[in-house]
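Notes follow the structure.
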């Protein structure tokens, strides 16, 4: 995730006249910005959210992979399974992130993103199984209501 954030921060930095301009907008030092942009310092969760807030960006904007074509050289390092997980994260973010209505749901999504691809797949499989059971229960309840 840090590479994605670094790439997106670089895209943002390119819109400023200098690293100092970005640093001023973020109320920090040009040295800190340089460390983030060169990868000498990773962009963690807290820093990413702070940058988004200061620059009035959408929540999780630095985590967004929607410009995957621009990051192909970085994504190519990932295995096929990891690429699929990244693509799934993009779709999830584009379709669902704005449907999150409270901090608990957002925290849950953040926690999900920190899981490995294998762990994410396990969570998804379990959720699908539970959803199927719930659909069956709803179907049975509907059938019982019709017979009443």
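The values are calculated or read from the model by the stated rules, or taken from the named source; none is laboratory data. A quick note: this is a predicted structure, and the numbers were derived from the prediction, not measured. Don't worry about glycine lacking a Cβ; one is built from the backbone with ideal geometry, like all the others, and counts go over all protein chains shown.
Quick notes
- Looking across the range 58-67, the residues that are surrounded by 15 or more Cβ atoms within 10 Å (Cβ to Cβ) and in contact (Cβ under 8 Å) with a residue 40 or more places away in the chain come down to 61, 62, 63, 64, 65.
- Candidates are the residues of the range 46-57 that are surrounded by 14 or more Cβ atoms within 10 Å (Cβ to Cβ) and part of a loop (DSSP other than H, G, I, E, B); the one that is modelled with the lowest pLDDT is 57.
- Odd one out for residue 6, checked against (1) under 21 Å from residue 113 (Cα atoms); (2) modelled with pLDDT under 80: (2)
- For residue 43, the criteria (1) touching a helix residue (DSSP H, G or I) at 6+ places or on another chain (Cβ under 7 Å); (2) surrounded by fewer than 19 Cβ atoms within 10 Å (Cβ to Cβ); (3) at pLDDT 90 or above; (4) not in a helix (DSSP H, G or I) hold in every case but one, which is (2).
- Inter-residue pairs, beta-carbon under 8 Å, first closer than 30 Å to residue 110 by Cα and in the range 123-144, second modelled with pLDDT under 85 and assigned to a helix (DSSP H, G or I), 6+ apart: 123/112
- Scanning the range 1-31 for residues that are part of a helix (DSSP H, G or I) and in contact (Cβ under 8 Å) with a residue 60 or more places away in the chain yields 3, 4, 7.
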